[in-house]
Amino acid sequence: MNKKLKNLFVGLCAVVLCAPALAADVSQRTDCTDIQARINQLSAIESPSAEQESELSALQAQYRADCSRSASGRRTIASGRVTASNMVAAAATPVAATPVVETVVVTARTILNEYLTERQNLCNELKSDIDKLVANGASDAETEPLQNQYDADCEEIDRSETVDIDEETAARNVSSGLCEDGSKPNKFGCCEGETFTDMGNLVFACCPDDGGACYPPINSGDAI
């Protein structure tokens with residue numbers, strides 16, 4: 001094999017090795033465009049379903065992971081007359097990469113979802129810490145402040161949807177052992193905005209945090 005044929009053979013091999021990388025880069029950019037288009041579609045929905053919210057969160061996470069990195073290391077073959085020598089040189093010389101600019105669509109729903117996720121993670125950590133203290137022999141008096149905080153902040157994390165409760169519905173909820181808004185009372189039988197209070201002489205009541213008359217606990221809270 002003479003020298004020219006040998007150089008041509010080496011150049012062709014380099015092109016074959018680079019082809020999969022070029023194809024993968026084009027495929028990635030196409031996928032990122034499709035992902036962003038789907039994110040835009042889901043974000044435009046005013047009242048998305050739980051499945052749509054879940055899909056939106058997953059796509060945003062995938063976009064951040066796969067599409068926000070610059071496409072460095074791309075190689076190309078110089079245009080013009082192709083010879084064995086310039087094919088080898090082009091394959092060995094990286095071309096300046098064009099960074100992929102991340103575009104994240106921010107909506108009220110995505111902000112709320114991120115906040116609720118962080119809040120849930122904090123609640124999970126607090127519950128885990130309480131369990132560890134109990135396992136290590138901590139008394140109820142030691143863990144009570146943490147448990148009270150957990151009950152207040154983590155029993156009902158998502159309160160973004162507010163519903164006006166009429167008096168008839170409120171009375172029906174209370175008669176069935178629930179709070180006026182239909183939520184479950186805490187373990188002391190008190191509702192949101194009420195504090196379990198020792199009134200003296202073994203009498204306990206739920207007193208509104210903003211003042212007003214105190215009421216007997218609805219139930220033990222865990223009875224439902």
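A short reminder: the numbers here are calculations on the coordinates, not readings from a lab. Just so it is clear, the model here is predicted, and its values are computed rather than measured. Because the Cβ atoms are built from the backbone with ideal geometry, glycine has one as well, and the counts that use them run over all protein chains shown.
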(message) Classify region 103-224 from the C-alpha gyration tensor, please: rounded if a/c falls under 1.5, else prolate or oblate depending on whether a/b exceeds b/c.
(response) oblate
(message) Between THR197 and ILE35, what is the label-point separation in nm under the 7 Å Cα-to-beta-carbon projection?
(response) 5.4
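If each residue of separation counts as 0.36 nm, what is the full-extension length gain between TYR215 and ASN121 once their alpha-carbon separation is subtracted?
Taking 0.36 nm per residue and subtracting the Cα distance, the gain is 30.5 nm.
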(request) Could you list the trypsin sites (Lys or Arg not before Pro) in region 115-191 that lie in coil according to DSSP, counting only those with at most 14 other Cβ atoms within 10 Å of their Cβ? (result) ARG159
(request) Would you list, by chain and number, the aspartates and glutamates whose Cα falls below 13 Å from the Cα of LYS127, excluding same-chain residues fewer than 8 positions away? (result) GLU144, ASP151, ASP153, GLU155
(request) Of all alpha-carbon pairs in region 120-167, indicate the percentage at a distance above 11 angstrom. (result) 71
